[in-house]
Amino acid sequence: MTDWLLRVLQDMGTTLRLPISFVCIEFVGTMAFAISGVRLASAKRFDIFGAWIVGMATAIGGGTIRDLMLGVNPFWMTNSIYFICCGLAVLWVFLFGKHLVRQRNTLFLFDTIGLALFNVIGIEKTLNLGFPYWTAITMGSITGAAGGVLRDVFINEIPLIFRKEIYALACVSGGLVYILCHKMGLTPEINALLSIFVVVLIRLLAVKYHWCLPILKGEDESIL
């Protein structure tokens, strides 16, 4: 059983152009983002299929945009595990939905975890494809943030990335840490852990202390 699982992870790592450790990170991030999407869909009283669609969009949306921009086949088209992960997320929310919907911090928790994990996945995959550092940081931010944008659009909410909260900027900061560690010769796993820590820390501090970017204000609002 262990050998079979190892072969599956190795095959997926080859397909995804990622180390095995990052394949595991991808699974955890997929579940976290899928749960955040399904949880919001549940709060909006979507049916099971609608919730699954929202969970899928949240979990694979950013990675799909990343892969299309990098010129490779979208990752979820080579393995059905992502559909299964989203199905498990629907089941989990279905069983424990009342508790999850009442706990407002659960959305923040799973969204932050997915954001941080997918950010490092996007960075590592882009570097493995031979793109420069600045492209890797950009692709990491897209991988982390774009799925949440699709989720919010599907449930008719203003995307979190466009609100005052620091969101995508946390990905950029985590990306800079990842690249700095990479240039220092640290292992990809250490790079990922430090980058994830920075993203989560910035998100926690931004929410706790209400950090936000300056808002642009036009002189003439009549055009709106």
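A few remarks follow.
- Some residue of region 129-140 being in contact with a Leu (Cβ under 7 Å, 6 or more places away or on another chain) and modelled with pLDDT under 95: yes
- Hits in region 147-171 (condition: within 16 Å of Ile35 (Cα to Cα) and hydrophobic (A, V, I, L, M, F, W, C)): Val149, Leu150, Phe154, Ile155
- Filtered by the rule that a residue be surrounded by 17 or more Cβ atoms within 10 Å (Cβ to Cβ) and of a type in the set (Gly, Ala, Ser), region 180-206 gives Ala192, Ser195, Ala206.
- Qualifying residue in region 53-66 (condition: modelled with pLDDT under 85 and basic (Lys, Arg)): no
- When residues of region 93-109 are limited to those that are within 19 Å of the chain's Cα centre (by Cα) and either modelled with pLDDT of 75 or more or among the aliphatic types (A, V, I, L, M) (or both), the one nearest to Ala51 (Cα to Cα): Val93
The values are calculated or read from the model by the stated rules, or taken from the named source; none is laboratory data. This one's a predicted model, so the numbers in the text were calculated from it and none came from an experiment. Cβ: placed from backbone, ideal geometry, glycine included. Neighbour counts: every protein chain shown.
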